[in-house]
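Worksheet for the structure shown next.
The values are calculated or read from the model by the stated rules, or taken from the named source; none is laboratory data. No experiment lies behind these values; they were computed from the predicted model shown. Cβ placement follows ideal geometry from the backbone for every residue including glycine, while neighbour counts extend to all protein chains displayed.
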């Protein structure tokens with residue numbers, strides 16, 4: 001019994017000693033000056049890339065034989081959801097680059113016949129958006145542009161966040177498509 005008590009006491013002492021550097025590091029972090037905020041373009045870029053990563057993972061992961069799955073006949077298919085959000089990304093990218101917006105919001109499924117075609121289009125839409133954000137830099141992202149839907153001036157970063165929100169809404173819809181198809185979305189799977 002004494003050996004057990006001695007063993008437990010020794011383990012407790014070692015645990016306390018091991019926790020000391022961590023506590024000291026936490027105290028040092030609290031006493032240190034906070035890190036400076038990220039630049040505007042870096043903050044926008046990180047958010048843009050994060051929603052893009054999630055949607056690209058879904059596009060790559062969802063089985064090709066289920067790409068035309070629709071929860072109801074009135075809804076877009078899985079592939080049409082991806083094409084819509086990627087096509088909408090070009091309303092941000094082209095206008096941010098001072099170009100004319102696309103003629104249509106929903107690229108036709110007939111043009112993107114395979115899963116590989118859809119995945120490539122989704123990836124390119126996020127790559128092109130990221131390139132536009134990088135090219136704008138902080139000053140450009142804080143600059144003004146005209147929202148053609150509202151005929152109102154907006155800051156470029158506000159325009160970007162609106163499209164990221166749009167992508168987030170479609171991400172949520174695609175999660176439901178996964179669940180209705182009996183699948184688990186990549187972000188909901190246990191991390192390895």
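For residue 138, only one of the following conditions fails: (1) touching a helix residue (DSSP H, G or I) at 6+ places or on another chain (Cβ under 6 Å); (2) exposed (fewer than 15 other Cβ atoms within 10 Å of the Cβ); (3) under 23 Å from residue 45 (Cβ atoms). What is its number?
Among (1) touching a helix residue (DSSP H, G or I) at 6+ places or on another chain (Cβ under 6 Å); (2) exposed (fewer than 15 other Cβ atoms within 10 Å of the Cβ); (3) under 23 Å from residue 45 (Cβ atoms), the lone unmet condition for residue 138 is (2).
Mind listing whichever residues of the range 50-74 are under 12 Å from the mean Cα position of the chain (by Cα) and within 22 Å of residue 115 (Cβ to Cβ)? Before you say what the answer is, go through the steps one by one.
Applying the first criterion (under 12 Å from the mean Cα position of the chain (by Cα)) to the range 50-74 yields 50-58.
Hits for the range 50-74 are 51, 52, 53, 54, 55, 56, 57, 58.
In the range 177-192, what residues are within 14 Å of residue 59 (Cα to Cα) and under 17 Å from the mean Cα position of the chain (by Cα)?
Selection gives 185, 186, 187.
Those residues that are out of contact with any strand residue (DSSP E or B) (no Cβ under 8 Å at 6 or more places or on another chain), touching a residue at least 40 places away in the same chain (Cβ under 8 Å) and surrounded by 19 or more Cβ atoms within 10 Å (Cβ to Cβ), I need them from the range 89-116; list them, please.
Those that are out of contact with any strand residue (DSSP E or B) (no Cβ under 8 Å at 6 or more places or on another chain), touching a residue at least 40 places away in the same chain (Cβ under 8 Å) and surrounded by 19 or more Cβ atoms within 10 Å (Cβ to Cβ): 89, 91, 92, 115.
Taking the condition of being within 26 Å of residue 37 (Cβ to Cβ) and touching a strand residue (DSSP E or B) at 6+ places or on another chain (Cβ under 8 Å), how many residues in the range 132-146 meet it?
Let us first name the residues in the range 132-146 that are within 26 Å of residue 37 (Cβ to Cβ), namely 132-145.
Now restrict to residues that are touching a strand residue (DSSP E or B) at 6+ places or on another chain (Cβ under 8 Å): 141-145.
Of the residues in the range 132-146, 5 are within 26 Å of residue 37 (Cβ to Cβ) and touching a strand residue (DSSP E or B) at 6+ places or on another chain (Cβ under 8 Å).
Does residue 129 qualify as being in a helix (DSSP H, G or I), under 23 Å from the mean Cα position of the chain (by Cα), loosely packed, with under 15 Cβ neighbours inside 10 Å and at pLDDT 95 or above? Even if it seems obvious, please write down each step before you answer.
Working: in a helix (DSSP H, G or I): yes; under 23 Å from the mean Cα position of the chain (by Cα): yes; loosely packed, with under 15 Cβ neighbours inside 10 Å: no; at pLDDT 95 or above: yes.
Against the criterion (in a helix (DSSP H, G or I), under 23 Å from the mean Cα position of the chain (by Cα), loosely packed, with under 15 Cβ neighbours inside 10 Å and at pLDDT 95 or above), residue 129 does not qualify.
Take the range 32-67 and flag every residue that is in a loop (DSSP other than H, G, I, E, B) and under 26 Å from residue 183 (Cβ atoms).
Of the residues in the range 32-67, the ones in a loop (DSSP other than H, G, I, E, B) are 32-39, 62-63, 67.
Within the range 32-67, 62, 63, 67 meet the criteria.
Restrict the check to the range 157-167 and report whether at least one residue is within 14 Å of residue 57 (Cα to Cα) and part of a helix (DSSP H, G or I). Even if it seems obvious, please write down each step before you answer.
Step one: list which residues in the range 157-167 are within 14 Å of residue 57 (Cα to Cα), which gives 167.
Pick out the ones that are also part of a helix (DSSP H, G or I) and you get 167.
Yes, the range 157-167 contains at least one residue that is within 14 Å of residue 57 (Cα to Cα) and part of a helix (DSSP H, G or I).
A quick yes/no check of all residues on (1) modelled with pLDDT under 95; (2) not in a helix (DSSP H, G or I):
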residue	(1), (2)
95	yes, no
99	yes, yes
121	no, no
139	no, no
150	yes, yes
